[in-house]
């Protein structure tokens, strides 16, 4: 089972070394980050990044952005007709193609957050996942910002006009970042495209925000993450323990 975090804002810096995540810990996080493409008769309807936040006996429960599902109508009639192509960040060479019902069970348009589940079919039997990830709030004024990192996927149109999905991983300390109160984090020098929405922003094994897309910053469309505040973390955790 996944643990459900209490609200512990990341306000204490013990030492620089205590903030560094190991390669083993990063690999554990990679096990829970997925690219999901939803198709209808080989026509792609949407593609996005999601993070697995809870495992139940017959379900896998994921966190992503609400707007990832707005390009088509998801209902009881369509779910049985849809094909999912799923790629795990931990094992990029293997993609699953499954027919699985997909259900949105939490949809917060204001925060642009959605929680959905997939049936845990036999195709997932060989997928290694971790149960260590937690949701947490974050104080944008703290020096831990240098130790934040993100991983996810982006979908690009190649020269032959075919779409291909690429993985992305980077630390924020290597990027040009800026904050907009109360909880927007801009990254001014990355080339995110479609498919990246839902990429988690992490401090160690704590998910503290999601990539939502681009918005104006100093007159330029700029990629941004929305950081979790205490209120949304409490709401999400209360929902997950139902």
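Where a number appears in this text, it was derived from the coordinates with a stated rule and is not lab data. Remember, predicted model here, so these are calculated numbers, not experimental data. Virtual Cβ from ideal backbone geometry, glycine too; neighbours counted across all protein chains shown.
Sort out which residues of segment 115-131 are outside any loop (DSSP other than H, G, I, E, B) and within 25 Å of residue 204 (Cα to Cα), and write them in order of number.
Within segment 115-131, 115, 116, 117 meet the criteria.
Read through the list (1) closer than 16 Å to residue 210 by Cα; (2) surrounded by 19 or more Cβ atoms within 10 Å (Cβ to Cβ), then give the number of the only condition that residue 109 fails.
(2)
Here is a list: 216, 201, 221. Which entry is closer than 23 Å to residue 26 by Cα and in a strand (DSSP E or B)?
None of the others qualify; the one that does is 201.
If you check 133, 221, 210, 151, which single one turns out to be loosely packed, with under 14 Cβ neighbours inside 10 Å and in contact with a strand residue (DSSP E or B) (Cβ under 7 Å, 6 or more places away or on another chain)?
After applying the criteria, what remains is 221.
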